[in-house]
1. Within the stretch 92-108, is there a residue that is in contact with a helix residue (DSSP H, G or I) (Cβ under 6 Å, 6 or more places away or on another chain) and assigned to a loop (DSSP other than H, G, I, E, B)?
2. Out of the helices (runs of 4 or more DSSP H) lying entirely within the stretch 150-194, which hold 1 or more residues that are touching a Lys or Arg at 6+ places or on another chain (Cβ under 6 Å) and modelled with pLDDT of 95 or more?
3. Check Leu73, Leu57 and return the single one that is buried (at least 16 other Cβ atoms within 10 Å of the Cβ), modelled with pLDDT under 90 and assigned to a helix (DSSP H, G or I).
4. For the stretch 151-184: of the residues being among the small types (Gly, Ala, Ser) and touching a helix residue (DSSP H, G or I) at 6+ places or on another chain (Cβ under 9 Å), which is nearest to Ser83 (Cα to Cα)?
5. Quick one: is Ser81 under 19 Å from Asp135 (Cα atoms) and of a type outside the set (Lys, Arg)?
Amino acid sequence: MNLRERKTAKKKEDILRSASLVISRKGFRQTTMEDIAAELLMTKGSLYYYFKNKEELLFYCHEQILTTVLDKLRKIKQQDSSSSEKMKAAIKIHLDTAIREREIFNLAVKPEQIFSSDYADVIVQKLDEYAELFDQLILHGVQKGEFSVSQKKMARMIILGAANWIQVWYSPEGEFSKEEIEQVYADYLLKILT
């Protein structure tokens, strides 16, 4: 990648971050390209150089986050460690993403309500892969005798559902650090599987 391509990629990343912040404050429907451009001290025309419309911009926000977290989960799955350790690491990654990427994470719940079918299909496919990676971690733990779960999909939904609730109450000014909360969650949620 040459210098110009790196600058363009960096600018797109900056735009995606700013867009997620504006969307979280104003909501997807109320946010305009002008709002996003203003956040970046850009003109709306400059923003259209990088993204053709608001839907495309939001799609790439989702896609970037999901791609990153899927890569992390795949690496966890390949680790040479116990199923319990892998599941704890996966839960911590999920929580970290839910906290750090709060703005976009909340919008990913029902992509078909936000995106046209082409974009929604891509997001849904990535979300399905995400769920499947958790299912595989649970199945592997059952096969190794570490987990005792008959309803693997239900266990995954309970774990991710409980983890998603962190969006409602987490505050960086709270009594516990993000890392402490992630550890407590991982320890307690793992008990569902044993």
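1. Scanning the stretch 92-108 turns up at least one residue that is in contact with a helix residue (DSSP H, G or I) (Cβ under 6 Å, 6 or more places away or on another chain) and assigned to a loop (DSSP other than H, G, I, E, B).
2. 178-190
3. On inspection, the qualifying residue turns out to be Leu57.
4. Ala155
5. yes
The values are calculated or read from the model by the stated rules, or taken from the named source; none is laboratory data. No experiment lies behind these values; they were computed from the predicted model shown. Quick reminder, even Gly has a Cβ in these numbers, built from the backbone with ideal geometry, and neighbours come from all protein chains shown.
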